[in-house]
Amino acid sequence: METTPAIQDYLGAIYDLAGGEKPVIGARLARYMHLSAPSITEALRRMQKDGYVRMDGKKEIRLTTKGLGIAETMARRHRLLERWLTD
């Protein structure tokens, strides 16, 4: 299944936030992406259904292996693009 650019953005944001010390929850993701909580909730529901993320009992968002693979690819592309632009 092909991911949309929007889903790639969500996965990349979750990946970025997961590198920090605080747990990734919907409210933090909404602030980070400058989106409304309902938009985040709907996207998370869709990403869970498609197998990109899972949420535990405390509503902490975790990337699945499938989601992590896409997020790492996005991070790598962004680093390469930044490098290309600065060289």
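Let me spell out the model: positive unit charges on the Cβ of Lys and Arg, negative unit charges on the Cβ of Asp and Glu, origin at the Cα centre of the chain. What dipole size does that give, in debye rounded to 20?
With only Lys, Arg, Asp and Glu charged at Cβ, the dipole is about 260 debye.
Axis angle, to the nearest 10 degrees, between helix 37-49 and the longest C-alpha principal axis of the chain: 90 degrees. For helix 5-18, what angle does its Cα long axis make with the longest principal axis of the chain, in degrees from 0 to 90 and rounded to 10? The two axes meet at around 80 degrees.
Here the label points at Lys58 and Arg31, each 7 Å from Cα along the C-beta direction, are separated by 1.6 nm in the simple model.
For the stretch 12-83, the set of chymotrypsin sites (Phe, Trp or Tyr not before Pro) satisfying both a DSSP loop assignment and a count of at most 11 other C-beta atoms within 10 Å is empty. Backbone phi angles across the stretch 76-81, fed through the Karplus curve with coefficients 6.51, -1.76 and 1.60 (θ = phi - 60°), yield HN-Hα couplings of 5, 4, 5, 5, 5, 5 Hz in residue order; Gly and Pro are listed as x.
Shown here for the chain: GluC sites (Glu not before Pro) in loop regions (DSSP other than H, G, I, E, B) with at most 16 other Cβ atoms within 10 Å, namely Glu2, Glu21, Glu60. Local charge for Pro23 was computed over the other residues whose Cβ lies under 11 Å away, with Lys and Arg +1 and Asp and Glu -1, and equals +2. Non-local lysine pairs in the chain, meaning eight or more places apart or on different chains, with alpha-carbon distances under 18 Å, amount to 4. At the residue level, Asp16 shows approximately 80 square angstrom of accessible surface with a 1.4 angstrom probe and all protein chains present. Within the set (1) 1.08; (2) 0.99; (3) 1.54, the number that Cα Rg over 2.2 N^0.38 Å takes when calculated for this structure is listed as (1).
Net charge of the neighbourhood of Lys59, taken over other residues with C-beta under 14 Å away and scored Lys/Arg +1, Asp/Glu -1, is +4.
The values are calculated or read from the model by the stated rules, or taken from the named source; none is laboratory data. The shown structure was predicted, so the numbers you read here are calculated from the model rather than taken from an experiment. In this analysis, Cβ positions are derived from the backbone assuming ideal geometry, glycine residues included, and neighbour counts consider all displayed protein chains. All accessible areas refer to the heavy atoms of the entire protein, side chains included, with ligands and DNA or RNA removed. Shrake-Rupley method; radii C 1.70, N 1.55, O 1.52, S 1.80 Å.
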